[in-house]
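Trainee: Take a look at the following structure, please.
Each reported figure results from applying straightforward, stated rules to the coordinates on display, with no laboratory input. The structure displayed is predicted, hence computed values, not measured ones. All Cβ positions, even for glycine, are placed from backbone atoms using ideal geometry, and neighbour counts span all protein chains on display.
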Ligand code: ATP
Ligand code: MG
């Protein structure tokens, strides 16, 4: 128990954190390329924010939230998604009154959902999320889909499909709800318990159920796309025009409705096929009514969330290797009584901005070299009797075996010259 992390959580080990850092750097770059700036919100928020923001008919609110009372008897919830917190930030800091649109992203945001842990499904996962507030135009919906697509294909993911849909707006959706309910009315008996409940409260979500029996029942369900009002239709057409102009492949899937209640118009998913079935790496959409629902003036918005663990899983699955940095530029080895000289040299090299280290465990010189090799140090810097007597150090390029003895004070520059690093 003590040495076992809670179910559904995952450690990132020192030897694999470079993969996270690599992917995170690409995410930051992709966001910056489109004018999005980072925002950070707390790990927990008032429970009320998610009850109102995410919607009380969703799986998240009904079954998945980590909610507790703090010592001041306030109901607190660990973030089960990123958007509600972003809207709260926008409202609290009056960002809607600044120049719009307000474009923000969050990276590595821990997300907590009490789900049944399985491949690709954790109880704590991390998201890269991007949100744009204050722009109603479909060009932004397209920009976000393209951002996610470019990011993932830039990482080398090849097996990627972009699926889009429109779920309309409060003007046209009620008529569709009625049609869908009519269609489902004779089938309620065959639906899962959750969907029998959804049938009453939010029939759209039956379309999105993962239970095979429910999927079979909705196969021929009427499509929201046949019921869109003129405004939603024009918006959806423009989104497609943008995607066509940019030349990315996409498909319309009228069964995407997304798990959260706040969406309007565009919804989309980026999906890859895995041996265990389809995996959604990225999901998002437009939520033009959420800001108002959370107490602000009406403000259109659109965004997506991308699971970082799923991105890494995908890269793994496709056998994509990310560049692995070595740990040290230079490893200082020493003989005899020259430990203090070695220690001073390590600190001198670090102060010069190099990644440097020495043995701290009393290894023999031979074992020091072995360790340097194992840690893939680019260069070793050795202080033996002769070097110590001359105020010098012997450098060796571990890849080329090239050797060079230089005065100690020139060590950093010489290491840089040797590794070709500026
Ligand atoms: P799914 O359909 O797989 O349950 P979702 O619709 O619940 O996903 P979102 O709420 O849209 O997912 O979250 C955005 C992204 O976060 C997902 O596309 C996925 O990459 C990731 N994600 C969601 N839930 C989990 C989880 N339990 N474990 C790991 N990643 C997750
Ligand atoms: Mg889910």
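Trainee: Which value, to two decimals, describes the C-alpha radius of gyration of the range 267-422 once divided by 2.2 N^0.38 Å? Display every interim value, and only then the final one.
Mentor: Details: Rg = 25.8 Å, N = 156, 2.2 N^0.38 = 15.0 Å.
That ratio works out to 1.72.
Trainee: Same structure, new question: What is the Cα centroid distance between the range 353-390 and the range 66-131, reported in whole angstrom?
Mentor: When both Cα centres are located, 46 Å separates them.
Trainee: Starting from the Cα of residue 62, step 7 Å along the direction of its Cβ; do the same at residue 355; then give the gap between the two resulting points in nm.
Mentor: 4.8
Trainee: How far is it, in nm, from the label point at residue 18 to the one at residue 240 when both lie 7 Å from their Cα along the line to the Cβ?
Mentor: Taking the simple label geometry, residue 18 and residue 240 are separated by 4.6 nm.
Trainee: Using every Cα-Cα pair within the chain, state what percent have a distance larger than 42 Å.
Mentor: On the way: 27479 of 88831 pairs.
Roughly 31 percent, once rounded to a whole number.
Trainee: Something else now. According to the square roots a ≥ b ≥ c of the eigenvalues of the Cα gyration tensor, what is the shape class of the range 133-288, taking rounded for a/c under 1.5, prolate for a/b larger than b/c otherwise, and oblate for the remainder? The partial results should precede the final answer.
Mentor: Details: a/c = 2.30, a/b = 1.33, b/c = 1.72.
Note, shape of the range 133-288 comes out oblate.
Trainee: DSSP beta bridges in the range 330-419, what fraction antiparallel, as a percent rounded to 5?
Mentor: 55
Trainee: Here is a further query. Taking each pair of distinct Cα atoms in the range 330-419 once, what is the resulting Kirkwood hydrodynamic radius in Å?
Mentor: Evaluated on the range 330-419, it is 12.6 Å.
Trainee: Now a separate question. Which residue, 381, 351, 216, has the most motion in a Gaussian network model of the chain that connects Cα atoms within less than 10 Å?
Mentor: Evaluated over the chain, the most mobile residue of the options is 351.
Trainee: Using R₀ = 35 Å, calculate the FRET efficiency as 1/(1 + (r/R₀)^6) where r is the Cβ-Cβ separation of residue 347 and residue 2; round to 0.05.
Mentor: For residue 347 and residue 2, the calculated efficiency is 0.40.
Trainee: How long are the semi-axes of the equivalent ellipsoid of the range 69-109, taking √(5λ) for every eigenvalue λ of the Cα gyration tensor, in whole Å from largest down? Please list the in-between numbers first.
Mentor: On the way: eigenvalues 129, 40, 8 Å².
After scaling each eigenvalue by five and taking roots: 25, 14, 6 Å.
Trainee: If you don't mind, another one. For the range 288-364, how big is the tail of P(r) above 17 Å, as a whole percent of Cα pairs? List each step's numbers first, then the result.
Mentor: Details: 2042 of 2926 pairs.
Looking at the range 288-364, the distances longer than 17 Å represent 70 percent of pairs.
Trainee: Here is a further query. Scale the Cα Rg of the range 17-166 by the rule-of-thumb value 2.2 N^0.38 Å and send over the ratio, two decimals. Intermediate values should be presented prior to the final figure.
Mentor: Details: Rg = 16.6 Å, N = 150, 2.2 N^0.38 = 14.8 Å.
Here the Cα radius of gyration is 1.12 times the empirical estimate.
Trainee: At 7 Å along Cα-to-Cβ for each site, give me the label-to-label distance between residue 75 and residue 197 in nm.
Mentor: If labels sit at residue 75 and residue 197, their model points lie 1.5 nm apart.
Trainee: Taking every DSSP beta bridge with both residues inside the chain, roughly what % is antiparallel (nearest 5)? Don't skip to the answer; put the middle values down first.
Mentor: On the way: 52 of 64 bridges.
Close to 80 percent.
Trainee: Could you identify which residue out of 95, 152, 13 has the top mean-square fluctuation in a GNM of the chain using Cα springs shorter than 10 Å?
Mentor: In this elastic network of the chain, the residue with the biggest mean-square fluctuation among 95, 152, 13 is 13.
Trainee: For the Cα atoms of the chain, what angle does the longest principal axis make with the long axis of helix 339-351, in degrees from 0 to 90, nearest 10?
Mentor: Approximately 40 degrees, to the nearest ten.
Trainee: Okay, next question. Please report how far the C-alpha centroid of the range 329-350 lies from that of the range 154-171, rounded to the nearest whole angstrom.
Mentor: 54
Trainee: Can I ask one more? How high is the FRET efficiency from residue 276 to residue 337, r the C-beta distance, R0 51 Å, rounded to 0.05? Mind dumping the intermediate values first?
Mentor: Details: r = 60 Å, r/R0 = 1.17.
Plugging the Cβ-Cβ distance into 1/(1 + (r/R0)^6) gives 0.30.
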